[in-house]
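A short reminder: the numbers here are calculations on the coordinates, not readings from a lab. Source: prediction; values computed, not measured. Neighbour counts run over all protein chains shown; Cβ positions are idealised from the backbone, glycine included.
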Amino acid sequence: MTTLLSVRDLRVWLDTARGPLPIVDGVSFDISAGQVFGLAGESGSGKTITALALLGLLPAGARTGGSAILDGRDLMTMRTAQRRRTRGREVAMVFQDPMSSLHPMLTIERQLTEHLRYQLGMSRKEADERAVELLTEVRIPNPEAALRGHPHQFSGGMRQRIQIAIALACEPRLLVADEPTTALDVTVQAGILRLLHRLCQEKDLAVMLITHDLGVLSALADTVTVMYAGRVVESGPTAQVMGRSRHPYTRGLVDSLPHPEAADRALVPIAGEPAGPESRPAGCAFHPRCRYMEPPCATAVPPLIRIDDGREMACPVDPLVASLAR
Ligand SMILES: Nc1ncnc2c1ncn2[C@@H]1O[C@H](COP(=O)(O)OP(=O)(O)O)[C@@H](O)[C@H]1O
Ligand SMILES: [Mg+2]
């Protein structure tokens, strides 16, 4: 497995009236080609800001630290012009709401072929042919007719497929999908997720799948990284992170998932609300909500400790971590 993107100690601060506010606080992960990398965590944990930082799409006034190495080049220190070329060509992003990235007044053809003609220098004919191929690839029925349509003529799921086709137009090596199915109903969601999985395998594409819904990742992601309040609390192969989660926060997320084979089982939500970046607790940010909290949790930020093959976890009171730290 070759690592395509290696993110180390990524930090993002946003400027506020009261000074720079840390939003993402030292996040590290690796993404491999041909794999789905899942980034999980409740709303507000910093997932979207992490993705926007990698793509150079942060709001004005944001400052960043750390590195994100793609093919020996650091996305974080690239100059704007170079990053603009990399974006779309090597890293492309799809968003929760396709209407925010599709132009409502332009035909699908125009929006798809624009990339092909101006970024890849294709002729009109080549671009038209490729546009049909791309729509076929994302399973849009009757692609020739679809090209002549406008976004509002398609359902939410079809619009999401079109957004993915546009993202694929320049053959990126990493596709960042931020809550791509959150606005869709369950059956449509499953179709989009199957599509992402197929693209990943057939095109050796790396997919960074961002979601607050661990259930979405359980079937699809090869590895999962769980964020809480701007930091990674647990990461590793999906089967371990979800099947034998160790961090109290991950366990809380897993316990709050509905179980198809035990539909009558009560869901156990995590008590309390995550703190926003202005009021992030000292030490382990999860400690005020944690059942296993002990005094050290409130003072020092726990480091990520490697606990088994490829899995890391940041909880100082976990017995396994405590024994490894000795
Ligand atoms: N433009 C912004 N200005 C100020 N705070 C922001 C901005 N965008 C996001 N935040 C804050 O950053 C934190 C992380 O946000 P985000 O990355 O969107 O979380 P997630 O995608 O995990 O739900 C949130 O607490 C949010 O309130
Ligand atoms: Mg988000």
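Rounded, prolate or oblate for the chain? Axes are the square roots of the Cα gyration tensor eigenvalues, ordered a ≥ b ≥ c, and the cut-off for rounded is a/c under 1.5.
prolate
Each stretch of four or more DSSP H residues adds -39500 (n - 2.57); spread over every residue of the chain, this sum gives -9000 deg cm²/dmol at 222 nm. Peptide packing for 205-213, 220-228, 50-58, 68-76 was compared via the average number of neighbouring C-beta atoms within 10 Å per residue; ordered from the highest value, the list is 220-228, 205-213, 50-58, 68-76. Once you have a ≥ b ≥ c as the square roots of the Cα gyration tensor eigenvalues for segment 102-154, tell me rounded if a/c is under 1.5, and otherwise prolate or oblate according to whether a/b is larger than b/c. Oblate, because a/c is 1.5 or more while a/b does not exceed b/c. Relative to the current alpha-carbon distance between L120 and I69, full extension at 0.36 nm per residue lengthens the span by 16.0 nm. Highest mean packing first, where packing is the average number of other Cβ atoms within 10 Å per residue, the peptides 17-30, 155-168 line up as 155-168, 17-30.
Among DSSP beta bridges whose residues both lie in the chain, state the antiparallel percentage, nearest 5. DSSP beta bridges in the chain are roughly 65 percent antiparallel.
Each peptide in 80-86, 300-306 gets a packing score, the mean of other Cβ atoms within 10 Å over its residues, and the list from highest to lowest is 300-306, 80-86.
Karplus-derived 3J(HN,Hα) values for segment 299-313, using 6.51 cos²θ - 1.76 cosθ + 1.60 with θ = phi - 60°, are 10, 9, 5, x, x, 6, 10, 6, 9, 7, 3, x, 10, 10, 8 Hz; glycine and proline are entered as x.
Between E294 and R244, the contour length at 0.36 nm per residue exceeds the alpha carbon distance by 15.8 nm.
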